[in-house]
Each structure stands twice: as structure tokens, then as C-alpha cells.
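All of the numbers you see were taken from the coordinates with simple rules; none came from a lab. Predicted model only: the values in this text are computed from it and were never measured. For neighbour counting, all protein chains shown are included, and Cβ atoms are generated from backbone atoms with ideal geometry for every residue, glycine included.
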Amino acid sequence: DAPKVPDPRGDSDGPRRGSLCERHCAAINNVQGDLAELGCHLHRPRGPPATSTPSCCQQHSEEVCESCVVKTTLTAENAVEANKLSNNYKFGFKKWKSHVTARPWEDRSEIVKELYSDLNIVRASGGSTLTCGNVLYLLLFGWWLSLLYVLVAAVMFITIMGAPYGRLCWDLAGYFLWPFGKVIQKVEVPKSHQAGEAGVGESSALLGGPTPLRWHPRCWVGTGYWHHASTAAWLCLGYPVLALAHGLVCVTAWLLIILIPVAKLSARAASRVLPLPPQRVLIRPLRMVSDPGQGQAPTPCSGGILGDPPVPLQTEVPLEGEVILCCYRAANPYYYKYAVDGINVFAVNLLPLVLVTLVLGYVDSPNHLTGSAVKFTLALLSIMPLSYYIGMAIASISAQSNFAVGAVVNATFGSITELTFYITALIKGSREGNRCYAEVVKSALTGTLVGCVLFVPGLCMVIGGIRHQEQRFNSRSAGVSSALLFLSVGGVFAPTLFSKVYGKLVCGECHNVTQNPLGHYLCHNCHFDLMDNNGTLYYSHVQPLVYTVSILLPAAYLIGLFFTLKTHTHIYDIHISDCHMPGHHHSAVVHWSRWRALVILLLSTLCMSACADLATEHISPILTNSTISQYFIGVTVLAMVPELPEIVNGIQFALQNNLSLSIEIGNCIAVQVCMLQIPILVLFTIFYPTNFTLVFSDLHVYASMFSVVLMNYIFMDGKCDYFQGTVLVMVYFILLAVYFFAPSPSGC
């Protein structure tokens, strides 16, 4: 029972149904949605608060109130983002967490703003520079980068004419050894230097006073012969080596992700600092000085003791010149949120892996450079970023299109990742006459079903339960997916159960244990033969049943779409707010336009086909030489690796206390496996005969049915915690252990 809350309108003495509604509202308000708030939307006419009419709960019955308080309001920055959020709650649509439009800069948190800021901002106080990340920079890059600058400085001094650049490299050696708390500025050259004049003294714009004339190597860089000779020596001997070193540091730090500030530092140094003339580069440390001004508000960097008068601190920075580099931290753990043109940094870093996989796989066909195991691993890893790009493209197209286009795109490309691999494996098995590929495909189908029913929601419950003590979800929408899942599992395994009842048991070898012809026999490698009497049972009974099921399952899927998206949309109770982000009015700036998303979708699908071909090409040695059961390889690696982007999306939804979408991600994939992917594979075998038959082993049947029953039992009450998630995850690992120790399927 929800606790009673005071009525803000002062109507505490009103009817009982009104107080009951308010209590339901108070309970429902505790649940947060994706970028949204879940509240009681009472149908009140607009008007001043003093003249507002009574709520629906005071006008209608408690049943009306019950349907009123469970509506979810989603607030979005623009109409495109609102359409994407609405699609997340639609059955059959891909659930996508990332934004498909650029978020307004003022609406982002300070942590995220710091991720995208350039390293040319001088802050009031950077804090202590002695951090673990800065020490890591010193150990990985700082010492050898500084040493390289010293060597280049020595070379430039030896050339005589490059002495000014040698002095610059000497100063930069100290900077890159420990660049934190220091600033590099581009200063203006005094007119006397530009004109090449020499006098008794010169006025320093930086120090603000006259300085005595003295010989300085940088004074050699002026106009005329020495200027051109010095620049030529620098461009030939110094700059290429240092630019290459900074490029290596930039790539390495970018791949490590948390060290992206180091990558920005190196890129900015190579592009903005090294091309400058030496006399225009100024390096000096930042010093904190107290502000003598009175009456200023205390700042977080005052550093005083409680009770002392505030002493605001400011950073002493030269007023002349442009700040080029100013770095305080080498590492930032929040860079996992970093995105480039809407693409997460992990997907960006894994994209070159696709190119390496394709080049290595098709150029090195005889396996001279690497073996089949390495190529198979690279092909599987390449599927992950391609799955991300396909998901991003589908979400972008759906958010910018009407419902019909979005439904067609999701139905066509929603399962393209898995189907590409399955069809490629079946074609290869048919060409080689190897039944093992068909068994691996069945294991991958079962592994996807079991993993999405147990592991994906269980993991989301555990991770979300760490932050939220109890999480609630829409049990009615989960019930629709559960009903379709029961129907699909029953339909998929109906031919298997039929073969168990009417098939003929055939064993490979039998031994008489009691030496009595009428005694007990011990048999091995037994299976139900469907090809007895020239395959009469299979072709006359099992095959027509398979075709019937393959027609009924997609029809049931379409009925489910029509039910949830047309006639009974209220079960999801989604309302997109008309006022997107109060206080801000922004037009949609999409990351990918529809045409760009379509091109990326097609290219990603093409690359996915190539990677799937390489994976199936090099999986044969692993299946034949590995001591691990082929069941285990199919259930784990081949089933769950393509679903990693979906798992990440589910975890992000769970952390935002939106477990409904986390559960729907797993249920939607499981339903698509049974109602779309398997019928498509059956349809494919009609036009291209393969060894794939819709008859699964007993292990697949028992694991799938047990998983579906357990999932429905856990989701019965519409709420869960980390303990229930732990149960689902543990059951999943128990099933993996069963597959690991199971003998290989027949034909492998």
C-alpha cells in the first residue's frame, strides 16, 4: 500500500476515492522513465490554479483513476527525439538508448561539457596535478616523448641554423614530461623583431618593461636567409619525427579511451604548436595568486579553513597572446560517454578492426600471416561495431519517418546481423556436406533465445538493483511479450515433439549387458530417425508441419504488432509531452539524415555479410580441433556476441530505473528469433536446400522451455530487485555449464 500524502489543494476532507487516487499517484511518481518522469496525468482543463476544476479522480470512479495514473510522460528536446523515445516503447521496434539528434549544449551536465572542451581553457583552479592518471601519462608517454624532444633539440643545435628551434624543443621537452599546470601561448612578435631591427634595448610586451639587449638564439629567426634556412632545417629534421611521435601517442591514447585528453594534447601540439615560429611560442607554469579584492564571494578554490575570511584564488596568466594548450588531467573515467557525430567512442575505435579483418581475411587466404583462430576472432569482434551502426541507422530512420516506414525498416533489418551469419553458415555446410554447421546454427538460435530470456534481463536487474532498491515495470506490456514467447516456443519445438512421438529410435551400437538375448542392452549414439521407409514420416508429416508452423508464427507476430501498436496502444501508456524541455526551444539537428543513415545501413549490412563469411570460413578448424563442445560454442560466442550492443542498451535503461525497456529488449529479440528468424531460415531452405531441419535436440528443448517458464514466474508481479536478477543469471550460467560438458552433436 502506498503511503498517504497530503493533498496539495487542501482537499483532505474530500471523498475517499480522491485520497486513494492521490496515494496511487504518489506511489507511481517514484518510478522514473527514460528522459522522463512518470506521473499522474489528471485530466484538468487549463486555467488558473485557484479556479481549477476537480480532478478526474473526484469526478469518476476508482477504475477510471486506475487507468489514469499509470500513463508515462516522455519529455524530449525535439520532435525527432520524441519520436525515437516513442518507438522504444513500441513492440517490434529496436530499443535504442543513444540520442539520434544533437543535444543542446546548455542542457548537458558539466561533466559532459568537460569531455568536449578543447585544451585551451584556463580554469580558476585545476586542483592538484599529482593524480594517478597524470602519473600514468608520465610512465606511458611523458618520459620517452621528453627524451625525443631533447634528441631533436640536440640535432637542431648541431645544424647551427636550427638553433632557435632547438631551444624551442628544449623547452617543450620539459613541458611534455609533465604538461599539467602549464600553459602554452601564441604571442605576437614585437615590431622591432619583425622588421629585423637591432637597438640598445627593446620593450617586452609580456613583462611590460625594457629589457637589455642580449644574444638569444630565437633572435636569429627573422627575415631573410637565416629565417628560411632555419625553417628548412626544422621541416626536414625536426618536425616530421615529432609529428610522427605525437601521432603515435594520439592513436594509442585514443584507443585507451580514458586517456583521450592525452590524444587531444598530442593532436593540438602537432597541429598548433610545432608549426609556429619559435619566437611566437611561450611556455610558462600557472601560479595561483590571491585576489586582493574585497567583498568577493567565496569560491570552491579558496582553500581557507572554516571560519576564516574567504581568500579567492585566481590563476596568474599572461594577458597577451592566445592560449593554445592548457591541460590539468591526463585521464577522465567519464570518456566512455564520449561520442563522435553521435557514435559512441567504443564503436569508433572498433571500426578500423572491420577494415583489418576484411583485408587480412581476403588477402591472406592461405593463412600465411595468421591462423584461422585469429581470423575467426577478428570476424566476431568486427560484428559488434557493425551491429551498433546498424542499430543506430535503424533508430535514425525510424525517428525521422512515419510509422509504416519505421515498421518496415525494423522488420527488414532488425535481425539482419544474426540472419547473415546463420545463412552463410548453412550455405557453407551444404557445400561441404557437413551437418555440423546446421547444428551450430541451432545452438546459436537456442543460445540467443536463452540468453535474451535469462541473461539480458537478469544482468539488467542486478546492475539496476545496485542503484535502485526495487524496480518496477509495466507488467501488462511484459505479459504481451511473454504470451507471444510462449506461443513461439511451442510452435518452434512442435516438430521436435512430433518427431519424438512418431519417430523411430535408431542407435549406433548396442551391447548386451546380461549375455541374455532377452536381457538388457546398453546403446550409444541413439537418435530418432525421420527418414525411415525412404523418409515417409519426414516428407509426409514432419515437413508439412514445419511449413505450417513457419507460416503461423510470422502471422502471430503481425497480429501482436497490430494488437500493441493499433488497437491496444493504451497498455504501454506513453504520452509525448508537447513542451519539449521547458525553457528551451530547439530545432532538431540530427546526427544522421535519412539518406546518410540508409547508406550506412547498407554498407554495414554488406560488411556484416563479409565478416560472417569469414567467420564461417574459419570456424571449421575450431569445430574439429577444439575440445569444447560445439553446443557451447554456438550457445555462447555465436549467440551473444552480436547482441552485445543490445545488452549495453538494456544496462543503460536499467541504470535510469527504466527496467521495462530492459526487459522488452530481451523479450523482443527472443520473439524475433522464434517468429521471424527461424521461419526465414525455413523459407531459405526451400529455395536453397541445406541440412537445416526444424528438429532440435532434447537439450535445446528443455533449456528453452525452462527458461521461458522461469522468466514468466519472475515477471509475474511487475517488480523485481537484484536478488531475482541474480537468480536468472545463475540459472543461465548453470545451463552454460550443461552445454559445456555436453557431448558434441551428431554429425560434428
Under the rule rounded for a/c under 1.5, else prolate if a/b exceeds b/c, else oblate, using alpha carbon gyration tensor axes a ≥ b ≥ c, region 704-748 is classed as oblate
For residue 324, other-chain or 5+-apart residues with amide H closer than 5 Å (H placed, Pro excluded) are 184, 185, 186
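At a Förster distance of 35 Å, what's the computed FRET efficiency of residue 606 paired with residue 403, Cβ-Cβ distance as r, to 0.05? Mind showing how you got there, number by number?
Details: r = 28 Å, r/R0 = 0.79.
With a Förster radius of 35 Å, E is 0.80.
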Taking 0.36 nm per residue of separation between residue 698 and residue 355 and subtracting their Cα-Cα distance, the length gained on full extension comes to 119.4 nm
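Beyond a 18 Å Cα-Cα separation, which of these cross-linked pairs lie in this structure: 182/337; 97/719; 337/375; 264/337; 113/337?
On the way: 182/337 27 Å; 97/719 22 Å; 337/375 30 Å; 264/337 16 Å; 113/337 11 Å.
In this structure, 182/337; 97/719; 337/375 exceed 18 Å between Cα atoms.
Just add up the charged neighbours of residue 701: K/R +1, D/E -1, any other residue whose Cβ is under 13 Å from the Cβ of residue 701.
Details: positive: 442, 500; negative: 698.
Surrounding charge for residue 701 is +1.
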Contour minus Cα-Cα span, residue 431 to residue 686, at 0.36 nm per residue, comes to 90.2 nm
A correct Karplus calculation of ³J(HN,Hα) over region 433-449, with 6.51 cos²θ - 1.76 cosθ + 1.60, θ = phi - 60°, whole Hz and x for Gly and Pro, returns x, 10, 6, 5, 5, 5, 5, 5, 5, 5, 5, 5, 4, 5, x, 5, 5
Neighbours of residue 381 by Cβ distance under 15 Å: Lys/Arg at +1, Asp/Glu at -1, summed charge 0
To the nearest 20 debye, region 617-724 has a Cα-centred charge dipole, built from +1 on Lys and Arg Cβ and -1 on Asp and Glu Cβ, of 80
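What net charge do the residues around residue 242 carry, taking every other residue with its C-beta under 15 Å from that of residue 242, with Lys and Arg at +1 and Asp and Glu at -1? Could the numbers behind the result be given before it?
Numbers: positive: 167, 268, 272; negative: 171.
Surrounding charge for residue 242 is +2.
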By the mean-Cβ-within-10 Å protection proxy, highest first, 153-159, 438-444, 170-176, 593-599 rank as 438-444, 170-176, 153-159, 593-599
Taking 392-403, 700-711 and ranking on average Cβ neighbours within 10 Å, highest first, one gets 392-403, 700-711
